[in-house]
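Data first, discussion second: the structure below is written as structure tokens.
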Amino acid sequence: MNELVRRIAITIGALLLFRLGSHIPLAGISTQSGLLSSLSINRVSIFALTLVPYLSAAIIVQLVSVVWGRLSALERSGEAGRRKIARITLIVTLLLASFQAFGVASAMQNISALVPEPGNWFLLSATASMVGGVFFMVWLSEQITRHGIGNGIALVLSVNILLSLPAEVATAIELLRQGQVSGNLVLFNAVLWVVVVAMMVFVEGARRNVQVQYAARQVGKRLFAPRTSVLPIKINSAGFLIPATLTPWIFYLPLALATFVFGRTQWLAAAYEHMQFGRPAHIVLGAVVVFVLAFVYTAYVLDPERTAETLQKQGGTIPGVEPGEASADYLDRIVSLTTVIGAVYLVIVSLIPEALVAGGVALPYKIGGGSVLIVVCTILDLKKQVRALSLTDPGGVRE
């Protein structure tokens, strides 16, 4: 069995295991209740929280490292430092997952037909099961990344999204059949998403290439001839996780904490009302949050000063730009410009569903721009890895 086939088999097996866990209901849930059949089993399974707490924790830790030099230095200190960062991320994951799981379990036990015996035991067992489910999915995703093909986290998220797509399409068709929506509205939404996906494919593959020249240099007994290369800078260096994972936490975590401290006051009820999906306050705040986080996260991913220092050590220079500080300033200007474009792109992608709802031209689907972006980036990454393995594996497929 060649390497590519082995990795694909491991990936499929791990994803099947994930889907199996998504159909295991929490202890204390009534499987005889007619309500359970009307709910998505994913919502009451041990994997109900998916990977959102872990992704949010990872992004939070990375954003903190931008402003806290000690954490940033720890990450650059080698393998030992990265292991410490991983442990910190898991601790933050535990806190976020416990908070979210307790809230979900509390909401479940208020539905008597769903939870026949509510109480502290159900709260404890359901919370522990959902938190354990998050950590199991983190482990499973790591196995896919190490031994399978593609990014494990992105694949798990994409599988969940893609499996919900047939139901969304069926709902649109049924509404069209019943005459509740017009054919023009369905066609408009279909064409819009085709255009959006095409835009995602174009932007995710777009690069701003900075030309770099390397002088002749000798390493040991080897003499390296002068050469010209490029330093590729992605238009969207912030990736696809900010709109889909961290933004909702920024919206609702402060409101949830305020409700816990002050109770359900009138002003909190008004805040919740204004922060509903599709409301002007939610749209404006969402745009600002995504735009700012895109800049902050890009600052973590791309450090012009560090890049300029690395180029200087390797004997690389940017034509027409002095090495050192001048190169750092030049790269900083380019990164800033590309980040503006990338941030605007992320804002557009994340707010498309809300704009449709606000304009009254949306179908009742639940898949948003961030979800579609995850799937598109996952497919592009899979294509890249399959091609690389096919070219390097003697038993692989050659183009």
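FYI, it's all coordinate maths here, none of it is from the lab. Everything quoted here is computed from the prediction, not taken from an experiment. Here the Cβ is made from the backbone with ideal geometry for all residues, glycine too, and neighbour counts use every protein chain on show.
In the chain, the longest principal axis of the Cα atoms and the axis of helix 3-21 are about 30 degrees apart.
P(r) for region 168-381, from all Cα pairs and a bin width of 10 Å, is 7, 25, 25, 20, 12, 7, 3, 0 %, short bins first.
Between Ala215 and Ala271, the simple label model (points 7 Å from Cα in the Cβ direction) yields a spacing of 5.9 nm.
Using 0.36 nm times the number of residues separating Ile283 and Ser98, minus their current alpha carbon distance, what extension gain do you get?
Value of the extension gain: 63.8 nm.
What does the extension gain come out to for Asn184 and Asn120, with contour length at 0.36 nm per residue minus their alpha carbon separation? All intermediate terms of the calculation are to be shown ahead of the outcome.
Working: separation 64, 0.36 × 64 = 23.04 nm, distance 5.14 nm.
Stretched fully, the Asn184-Asn120 segment lengthens by 17.9 nm.
If a spin label sat at a point 7 angstrom from the Cα of Phe295 along the line to its beta carbon, the backbone N atoms of region 341-357 nearer than 17 Å would be those of 341-348.
Can you give the relative contact order of the chain as a percent, counting alpha carbon pairs under 8 Å and 6+ residues apart? Each step should come with its number before you reach the end.
Numbers: 464 pairs, mean separation 81.5, N = 399.
The value is 20 percent.
Put the Cα centre of region 99-151 next to the Cα centre of region 10-27 and the gap is 13 Å.
At a Förster radius of 56 Å, what calculated FRET efficiency corresponds to the Cβ-Cβ distance of Glu325 and Gln385, to the nearest 0.05? Write down the numbers at each step before the final one.
Numbers: r = 38 Å, r/R0 = 0.67.
Step by step, r from the Cβ atoms, then E = 0.90.
Taking the structure as given and computing volume of the Cα convex hull per residue in Å³, which label from (i) 203; (ii) 167; (iii) 145 fits? Checked against the structure: label (i). Ranked by the mean number of other Cβ atoms within 10 Å of their residues, highest first, the peptides 120-126, 371-377 come out as 371-377, 120-126.
Seen against the Cα atoms of the chain and their longest principal axis, helix 52-67 is set at about 40 degrees.
Between Ile24 and Ala355, the distance separating the two model label sites (each 7 Å from Cα on the Cα→Cβ line) works out to 4.3 nm. Annotation: aspartates and glutamates with alpha-carbon distance below 14 angstrom to Lys234 (same-chain offsets under eight excluded): Glu204, Asp303, Asp332.
Would you compute, from DSSP H runs of 4+ residues alone, the mean residue ellipticity of the chain at 222 nm, taking -39500 (n - 2.57) per run and dividing by the full residue count, rounded to the nearest 500?
It comes out at -23500 deg cm²/dmol, rounded to the nearest 500.
In this structure, Ile341 and Ser229 have a Cβ-Cβ separation that, at R0 = 22 Å, corresponds to a calculated FRET efficiency of about 0.40.
In a fully extended conformation the segment linking Glu142 and Leu255 would gain 37.4 nm over its present Cα-Cα distance, using 0.36 nm per residue.
As a rough footprinting exposure proxy, the listed residues Tyr330, Tyr252 were ranked by other beta carbons within 10 Å of their own, and the order from fewest upward is Tyr252, Tyr330.
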